[in-house]
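Take a look at the structure set out below.
A short reminder: the numbers here are calculations on the coordinates, not readings from a lab. Keep in mind that what you see is a predicted model, and the values were worked out from it rather than measured. Glycine gets a Cβ as well: all are built from the backbone with ideal geometry, and neighbour counts include every protein chain shown.
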Amino acid sequence: MTDTDLAVLRVALTRDEALRLHVYDDATGQPLARGDTLQGVLTIGYGRAIGITGISQAEADAMLDADITTHVRDLERAFPVVRTLDATRQIVLAQMCFNLGVTKLARFALLWRAITAGDFARAGLEMIESHWAEQIGPRATRLAAQMVSGEPGPVEL
């Protein structure tokens with residue numbers, strides 16, 4: 001196909017497939033909610049059958065970059081104190097926000113009290129003593145240690 005043919009195809013598909021920014025069941029056309037039974041294939045976007053084809057590494061990387069931008073923005077808006085912290089602690093909190101979302105992270109009242117007071121040993125302890133730490137195991141231990149020390153963990157760039 002020529003570039004013109006591909007452009008025509010793109011217009012036709014965007015017209016006929018309809019953009020859906022949330023996952024849906026291609027058999028019913030209905031959005032999926034927790035607990036729903038999938039009748040067809042998990043689909044998103046313009047008919048992308050992610051339940052069959054998945055996504056590419058480039059798509060996953062683009063989604064990760066967009067999610068990082070969103071979570072860091074949400075974190076800094078909800079907790080302005082984050083901007084005053086060193087990079088390591090900002091990254092720890094951004095990872096927690098990515099994992100939990102800003103709403104659930106806001107429930108860590110004792111963690112935020114310790115951070116605001118500059119008591120990073122207490123902040124690390126609050127992280128370790130949480131239900132979140134039980135759920136994610138070694139990641140919580142590593143992040144809590146970074147919160148306490150202010151030193152980054154091993155990272156390959």
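Brief remarks on what is shown
- Fully extended contour minus Cα-Cα distance, from LEU9 to ILE68, at 0.36 nm per residue: 18.0 nm
- Linear extension gain, VAL41 paired with ALA87, 0.36 nm per residue minus alpha-carbon span: 12.4 nm
- What the phi angles of the stretch 119-133 give under the Karplus curve with 6.51, -1.76 and 1.60, with θ = phi - 60°, is a coupling list of 8, 6, 5, 5, 4, x, 5, 4, 5, 5, 7, 8, 5, 3, 4 Hz, glycine and proline written as x.
- Label-to-label distance, ALA18 versus ARG107, with points set 7 angstrom from Cα along the beta-carbon direction: 3.5 nm.
- Between ARG20 and GLY45, TYR46, GLY47, the built amide H atoms are under 5 Å apart, and every one of these is 5 or more places off in sequence or on another chain.
- Mean separation of Cα contacts under 8 Å (6+ apart) over length of the stretch 87-157, as relative contact order %: 34
- Put a dot 7 Å past the Cα of ARG139, heading toward its Cβ, do the same for GLN57, and the two dots end up 2.1 nm apart.
- By the beta-carbon count within 10 Å of each Cβ, the least crowded to most crowded order of SER56, SER130, fewest first, is SER56, SER130.
- In the stretch 73-123, trypsin sites (Lys or Arg not before Pro) in a DSSP loop with at most 16 other beta-carbon atoms within 10 Å: ARG107
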